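Report on the structure given below.
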Amino acid sequence: MKNLHSTLKELFEWLHQHPELGFAEYETTAKLRTILEHEGIEVLDTGLQTGLIAQITGDLPGRCVVLRCDIDALPIQEQTELPYASTHPGRMHACGHDAHTAIMLGAALMLNQRRPELTGSVKIVFQPAEELPAGARVVLATGMLEDADLFLGVHVSPELPAGTLGLKAGPVMAAVDRFAITIHGRGAHAAQPHEGVDPIVVQAAIVQSAQTIVSRALDPFAAAVVSITHVESGSTWNVLPETAFLEGTVRTLEPAVREKAEVLMRGFTTQIAASYGAQADFAWRPGPPAVINDPALCQAARYVAEDMHIPTAQQENTMTGEDFSCYLENRPGLFVRVGTGCSFPLHHPKFKVDQQILYPTAQYFAQLTEHLLNKGV
Ligand SMILES: [Zn+2]
Ligand SMILES: [Zn+2]
């Protein structure tokens, strides 16, 4: 294998130049397969159209650690003017998934060289479609991760200095739930509202009351967000419509708060509608749960970082979501943030990753994985 530094740099730049959207990561998947197979790393037969799972089996039997990264890009027109900027119009790696992929591939290549000393096995998941978010469920449905004992994931963070690791036990990212409400009233002439049931008045009352769920009905120490993002009704100025529609998202960090928020949203909606003589259909579409980091894994991660003299910081909670959480529904795991230095925010057309972080972060994940396999937590 040629110099690993340059392998990671080349791969990262190639990925950045060739961004592909969720479930369309064909070129990316082929590229990763070529590198892995060239290095003699087994690629499992998953049946996935895009994305893949590689496996490194140590000489001694033991636990199975899964390293997960995501490989999809976003529908954004890049504005970085980097020499290796996207060559695909309207598509960009603006969430750092190119860096995640290079980091976990680097860790895989390093662990492959240490195979004789490994007690157990490592599976490396190159997950498609994180942004949709749907890829984690598709990967889990292959059944290839049944033997996993724990999961490690990574995400870049422009808020942290380049190379600093953000670690924190407990909830760090929110559950991403979506709701849609259709209000059925009765249409009428705008001049004769008493002849109908105005769904727009009901809609407005629901928009107002929804915010009192967070401010009046939930524990002030329980983080929650209710955002109504799309309202629609009517088509002209002198007709009261039959129906009104609204949708939005609820973000929570604790499972109990998540459950309560759904019950409250549903109750408010149907009761407000009924009080106006209307009827509301309430649909709740649960997305990925909150990312909850395992305390023992977090402690081990801190220990390995200190041992390698890598600076760490407290990971800040965010109400954005990550489908990494789907892997943690039945297994412990840890989602690590790695600083990319000051840059534009994630999903911004000028977002950039400092390439200097790739090699040391790959080394860190290789070392942490070896530690967890050979020494436990
Ligand atoms: Zn993203
Ligand atoms: Zn992301």
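What the table below lists for this structure:
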item: Meets criteria (within 30 Å of E370 (Cα to Cα) and out of contact with any Ser or Thr (no Cβ under 8 Å at 6 or more places or on another chain)) for M319; result: no
item: Options L145, L150, L140: the member that is farther than 18 Å from L48 by Cα and either modelled with pLDDT of 95 or more or not assigned by TED's automatic domain parsing to the domain that holds A107 (or both); result: L150
item: Residue check, H88 open to solvent by 10 Å² or more (accessible area, probe 1.4 Å) and either within 14 Å of ligand 2 (Cβ to nearest atom) or not polar (S, T, N, Q) (or both); result: yes
item: Among the candidates L253, L246, L264, residue that is surrounded by 13 or more Cβ atoms within 10 Å (Cβ to Cβ) and either touching an Asp or Glu at 6+ places or on another chain (Cβ under 7 Å) or within 25 Å of E195 (Cα to Cα) (or both); result: L246
item: Identity of the residue in region 225-243, touching a Phe, Trp or Tyr at 6+ places or on another chain (Cβ under 8 Å) and not acidic (D, E), that ends up surrounded by the fewest Cβ atoms within 10 Å (Cβ to Cβ); result: H230
item: Selection within region 321-347 - within 16 Å of ligand 1 (Cβ to nearest atom), open to solvent by 10 Å² or more (accessible area, probe 1.4 Å) and either under 19 Å from L165 (Cβ atoms) or part of a strand (DSSP E or B) (or both); result: R337, S343, L346
item: Condition met for A222 (open to solvent by less than 50 Å² (accessible area, probe 1.4 Å) and within 20 Å of Q271 (Cα to Cα)); result: no
item: Test: R68 is surrounded by fewer than 22 Cβ atoms within 10 Å (Cβ to Cβ) and among the basic types (K, R); result: no
item: L118 vs. criteria touching a Leu at 6+ places or on another chain (Cβ under 9 Å), over 22 Å from K352 (Cβ atoms) and either assigned by TED's automatic domain parsing to the domain that holds E10 or more than 13 Å from ligand 2 (Cβ to nearest atom) (or both); result: yes
item: Total residues in region 131-154, condition within 16 Å of ligand 1 (Cβ to nearest atom) and either open to solvent by 10 Å² or more (accessible area, probe 1.4 Å) or over 29 Å from L44 (Cβ atoms) (or both); result: 4
item: Only one of Q299, Q315, Q355 that is surrounded by fewer than 17 Cβ atoms within 10 Å (Cβ to Cβ), of a type in the set (S, T, N, Q) and in contact (Cβ under 8 Å) with a residue 24 or more places away in the chain; result: Q299
item: Residue pairs meeting the criteria (Cβ under 9 Å; at least 6 apart or on separate chains; first more than 16 Å from L328 (Cβ to Cβ) and more than 16 Å from ligand 2 (Cβ to nearest atom), in region 127-143; second at pLDDT 95 or above and open to solvent by less than 10 Å² (accessible area, probe 1.4 Å)); result: V138/G51; V138/Q127; V138/P128; V138/A129; T142/I53
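The values are calculated or read from the model by the stated rules, or taken from the named source; none is laboratory data. Treat the numbers as computed from the prediction; the structure is a model and nothing was measured. Ideal geometry is used to build each Cβ from the backbone, glycine not excepted, and the neighbour counts take in all protein chains shown. The area values use the complete protein model at the heavy-atom level, side chains included, leaving out ligands, DNA and RNA. Shrake-Rupley method; radii C 1.70, N 1.55, O 1.52, S 1.80 Å.
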